[in-house]
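K.L.:
Quick one: this structure, given as structure tokens, is what I'll be asking you about.
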Amino acid sequence: MAVIGIDLGTTNSLAAYWADGRVHFVCDETGSPLVPSTAAYIPGKGIAVGRKAREHFLAGGEGVSSFKRFMGTKKEYTLGGKTYTPMELSAMVLHKLKEQAEGIFPEGIEEAVITVPAYFNDKQRSDTKKAAQIAGLKVERLINEPSAAALAYRMQYGSGDKSLLVFDFGGGTLDLSCVECFDNVIEITAVAGDNYLGGDDIDRLIAEYGCAQRGLDYSRLGLGEQTELLKRAEEAKCRLGEPGEGELSLTEDLLFEICMPLFARMKELFLHILEDAGLRVSDLDDLIMVGGSSRLSVVKRFLTELLGKEPVVLGDTDLVVAQGAGIYTGIRKRDAGIRDILLTDVCPFTLGVETFRRQGEKKGYLLPMIERNSTLPASRRERLVTLNDYQTAVTVKIYQGEEYFSRDNIYLGEVTAQVAPKKAGKEWIDVYFTYDINGILHVEIVNSKNEHNQILLANQTLGGAELERYKREIEVLMTPPLEQEENQKLLERASAYYEQSTGARRERLGALIQWFLAGMNSGRLYRVRKAAAEMERQLKSLEEADRQREDLLFDGDLKWDLDLEDLEDDDGKDLGNTGD
Ligand code: AMP
């Protein structure tokens, strides 16, 4: 069974795999590996994902993109009258990639390795895993996008010892990673990122500039006008460097100036990560440019000024992360030649416990146990003393985040231990934190009597009924448009019969159509298929009967034995059991 690597991007997503000692990309029917991370509702056809969706969306149709920016949030998008979370939309994209990959691996996809921005928090990571689950993919490990890029760099530049900075500038995010390569180890020593700094922001700045030039206020335009303007700004941006003048007459120098506020934020992030990694600019051997927006020559110009030398471009900047993910699948499969590479990771956020300095204090402080950017797996022990006289128990509350007060961080769980009642400060507990490469946090408390209490906090995944429901929904949503068209034709044929008929026949046809529609809207693929098969059978029977000019009063050879209640009753049936 195959293992595939997936770059689930803000703008585009790709799948790659390792075979014959190199990376291959999974391409669509047009030969392109890029699947736009766009979902659209096409009237009469339903939900589409990828290229068709993007075309529909760009032509002004109903669609959504860039939803990765809101991964981990409850934001809802409406498509065809239904609402979807970023997690569900991502599941659709993953489903599409899986389907394409199954064209190459008919035996099925055993496992997927998915890349995520280095800055994604726990919730964003677990929602990515859930999206994969819904799409029917098993994901053992998520890897940071810049780690993947470092792998791709290593394939091209060899395994010498290097200090690298991966600059991943996409549509929605900027991710920086400091990477140390030595022997066969690739270690991320620091990560920093901004989920709200990407090519889309450049488009907005261009649009705002264009408006200001005409004495208009961009923020006061209608949504439709803004979208249109952003589209034109992006076109003008991507055309830069090509011959001919665009509508917005954008020049390199002008764009450089327009991007200044973004460059200022980039520089800040750059200095921040070097500080975290304990490096000076001169310690960096190379800076690797990754992501669609790294194609912009103004970005390269800015980085050259910042570094005092040219950054590295590893071929197509859109493909680098997927390439790394593809290489990683080779490592995962322990492929000869690359199996010895060890890819370590860092914890992208701080994990800690709540502590108090004084008795009666309302707001607790976060005591960091595992600092942001610690290499994984990471462990630490800390001894805490009692705060109140004669207290008999201590509850340790566990948080994730960078905020000073514990309650401003994300609460993860708690664990309680009994302690001997003594004067404040005279009794103690030891708190042990271990955070492993799969995102599992193990917290253990040991009191002075050597009694142990513990809690295991794993990245959440979906379970049982919830997962089944999501899976069924997506199966139906992703029913090939062809099938949807065929079902539409069945409905039209049945409706035509209904119109021609009268009396009992009309009544029964009405019931059949209603039953068929209930099946279509049930959200279950097997029901949709069952309803379609039954409708086909009934229509054939009717047509046959018509041809033979027989009595059409629904006895004879016409089978109206169908129990319409049937559909309501077989809820528990599993998609896998239908034989579809
Ligand atoms: P990504 O999220 O890595 O797929 O990057 C998508 C971003 O790259 C979008 O903001 C695009 O506008 C931008 N982009 C794609 N092609 C170009 C290009 N030729 N020049 C400048 N920006 C581009």
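K.L.:
I'd like to check something: does the range 243-252 contain any residue that is surrounded by fewer than 14 Cβ atoms within 10 Å (Cβ to Cβ), closer than 15 Å to Gly198 by Cβ and in contact (Cβ under 8 Å) with a residue 24 or more places away in the chain?
P.N.:
no
K.L.:
So which residues in the range 148-163 are within 16 Å of the ligand (Cβ to nearest atom) and farther than 23 Å from Val298 by Cα, if there are any at all?
P.N.:
Ala148, Ala152
K.L.:
Scanning for something within 16 Å of the ligand (Cβ to nearest atom), closer than 17 Å to Met155 by Cα and part of a strand (DSSP E or B), does the range 335-344 turn up at least one residue?
P.N.:
Looking through the range 335-344, none of the residues is within 16 Å of the ligand (Cβ to nearest atom), closer than 17 Å to Met155 by Cα and part of a strand (DSSP E or B).
K.L.:
Now for a different question. If you go through the range 353-363 one residue at a time, how many are closer than 15 Å to Leu412 by Cα and in a loop (DSSP other than H, G, I, E, B)?
P.N.:
Total meeting the criteria: 0.
K.L.:
Cβ-Cβ below 7 Å, separation at least six or inter-chain, first residue in the range 532-546 and surrounded by 12 or more Cβ atoms within 10 Å (Cβ to Cβ), second polar (S, T, N, Q) and part of a helix (DSSP H, G or I): which pairs?
P.N.:
Ala532/Asn487
K.L.:
Among the residues of the range 403-426, write down those that are in a loop (DSSP other than H, G, I, E, B) and over 21 Å from Leu456 (Cα atoms).
P.N.:
Glu403, Tyr404, Val419, Ala420, Pro421, Lys422, Lys423, Ala424, Gly425, Lys426
K.L.:
Just need a number here: residues in the range 101-146 that are open to solvent by 10 Å² or more (accessible area, probe 1.4 Å) and hydroxyl-bearing (Ser, Thr, Tyr).
P.N.:
Matching residues across the range 101-146 total 1.
K.L.:
Of all residues in the range 45-77, how many are within 18 Å of the chain's Cα centre (by Cα) and without any contact (Cβ under 8 Å) to a residue 12 or more places away in the chain?
P.N.:
3
K.L.:
Considering the range 11-25 alone, what residues qualify as being within 16 Å of the ligand (Cβ to nearest atom) and in contact with a strand residue (DSSP E or B) (Cβ under 6 Å, 6 or more places away or on another chain)?
P.N.:
Correct list: Asn12, Ser13, Leu14, Ala15, Ala16, Phe25.
K.L.:
Looking at (1) free of Cβ contacts under 8 Å to residues at least 40 places away in the same chain; (2) not in a loop (DSSP other than H, G, I, E, B), which is the one condition that is false for Asp389?
P.N.:
(2)
K.L.:
Val353 passes all but one of (1) open to solvent by less than 10 Å² (accessible area, probe 1.4 Å); (2) within 16 Å of the ligand (Cβ to nearest atom); which number fails?
P.N.:
Val353 satisfies all of (1) open to solvent by less than 10 Å² (accessible area, probe 1.4 Å); (2) within 16 Å of the ligand (Cβ to nearest atom) except (2).
K.L.:
Output yes when any residue across the range 303-317 is over 21 Å from Tyr196 (Cα atoms), open to solvent by 60 Å² or more (accessible area, probe 1.4 Å), under 23 Å from the mean Cα position of the chain (by Cα) and within 11 Å of the ligand (Cβ to nearest atom), and no when none is.
P.N.:
Yes - at least one qualifying residue is present in the range 303-317.
K.L.:
Right, something else. What about Leu137, is it in contact with a Lys or Arg (Cβ under 7 Å, 6 or more places away or on another chain) and within 13 Å of the ligand (Cβ to nearest atom)?
P.N.:
Taking the combined requirement at face value, the residue does not satisfy it.
K.L.:
Right, next: If I ask for residues that are open to solvent by 20 Å² or more (accessible area, probe 1.4 Å) and either part of a loop (DSSP other than H, G, I, E, B) or touching a His at 6+ places or on another chain (Cβ under 8 Å) (or both), which ones from the range 42-60 would you list?
P.N.:
Answer for the range 42-60, where residues must be open to solvent by 20 Å² or more (accessible area, probe 1.4 Å) and either part of a loop (DSSP other than H, G, I, E, B) or touching a His at 6+ places or on another chain (Cβ under 8 Å) (or both): Ile42, Pro43, Gly44, Lys45, Ala59, Gly60.
K.L.:
Quick test of your reading of the structure: Val26 fulfils all but one of (1) among the β-branched types (Val, Ile, Thr); (2) at pLDDT 95 or above; (3) within 19 Å of Thr85 (Cα to Cα); (4) out of contact with any Ser or Thr (no Cβ under 6 Å at 6 or more places or on another chain). Name the failing condition by number.
P.N.:
Answer for Val26: the failing condition is (3).
K.L.:
Just to check your reading of the model, which residue among Glu145, Glu180, Glu140 is modelled with pLDDT under 85, within 30 Å of Ser126 (Cβ to Cβ) and not hydrophobic (A, V, I, L, M, F, W, C)?
P.N.:
After ruling out the rest, the residue left standing is Glu140.
K.L.:
OK, next. If the Cβ limit is 6 Å and pairs must be 6+ apart or interchain, which residue in the range 288-309 that is in contact (Cβ under 8 Å) with a residue 12 or more places away in the chain and part of a helix (DSSP H, G or I) pairs with which residue that is within 11 Å of the ligand (Cβ to nearest atom) and open to solvent by 70 Å² or more (accessible area, probe 1.4 Å)?
P.N.:
Listed pairs, sorted by first residue: Ser297/Gly241.
K.L.:
Taking only pairs six or more apart or across chains, which ones have beta-carbon atoms under 7 Å, a first residue in the range 317-335 that is charged (D, E, K, R), and a second residue that is more than 14 Å from the ligand (Cβ to nearest atom)?
P.N.:
Close Cβ pairs satisfying both conditions: Arg332/Val3; Arg332/Val113; Lys333/Val3; Lys333/Trp18; Asp335/Trp18.
K.L.:
Can you name the residue in the range 164-218 that is within 16 Å of the ligand (Cβ to nearest atom), β-branched (Val, Ile, Thr) and within 16 Å of Ala148 (Cβ to Cβ) and, of all such residues, is surrounded by the most Cβ atoms within 10 Å (Cβ to Cβ)?
P.N.:
Checked the range 164-218; the qualifying residue surrounded by the most Cβ atoms within 10 Å (Cβ to Cβ) is Val166.
K.L.:
Oh, and also: Within the range 1-47, which residues are of a type in the set (S, T, N, Q) and closer than 24 Å to Ile331 by Cα?
P.N.:
Correct list: Ser13 only.
K.L.:
Only one of Glu544, Glu536 is at pLDDT 85 or above and not in a loop (DSSP other than H, G, I, E, B); which?
P.N.:
Within the list Glu544, Glu536, the selection yields Glu536.
K.L.:
In this structure, does Asp28 turn out to be touching a strand residue (DSSP E or B) at 6+ places or on another chain (Cβ under 6 Å), acidic (Asp, Glu) and either in a strand (DSSP E or B) or within 14 Å of Lys96 (Cβ to Cβ) (or both)?
P.N.:
In short, no.
K.L.:
Mind checking which residues of the range 310-326 are outside any helix (DSSP H, G or I) and either under 30 Å from Val3 (Cα atoms) or of a type in the set (Ser, Thr, Tyr) (or both)?
P.N.:
Val312, Val313, Leu314, Gly315, Asp316, Thr317, Asp318, Leu319
K.L.:
So which residues in the range 398-411 are open to solvent by 70 Å² or more (accessible area, probe 1.4 Å) and touching a helix residue (DSSP H, G or I) at 6+ places or on another chain (Cβ under 8 Å)?
P.N.:
Correct list: Ile410 only.
K.L.:
Identify all residues within the range 366-387 that are modelled with pLDDT of 85 or more, buried (at least 16 other Cβ atoms within 10 Å of the Cβ) and hydroxyl-bearing (Ser, Thr, Tyr); write none if there are none.
P.N.:
The one that is modelled with pLDDT of 85 or more, buried (at least 16 other Cβ atoms within 10 Å of the Cβ) and hydroxyl-bearing (Ser, Thr, Tyr): Thr386.
The values are calculated or read from the model by the stated rules, or taken from the named source; none is laboratory data. Keep in mind that this is a model prediction, so the values were computed, not measured. With ideal geometry, Cβ positions are generated from the backbone for all residues, glycine too; neighbour counts draw on all protein chains shown. Ligands, DNA and RNA are stripped out before the accessible areas are found, and what is left, the full protein with its side chains, is counted by its heavy atoms. Shrake-Rupley method; radii C 1.70, N 1.55, O 1.52, S 1.80 Å.
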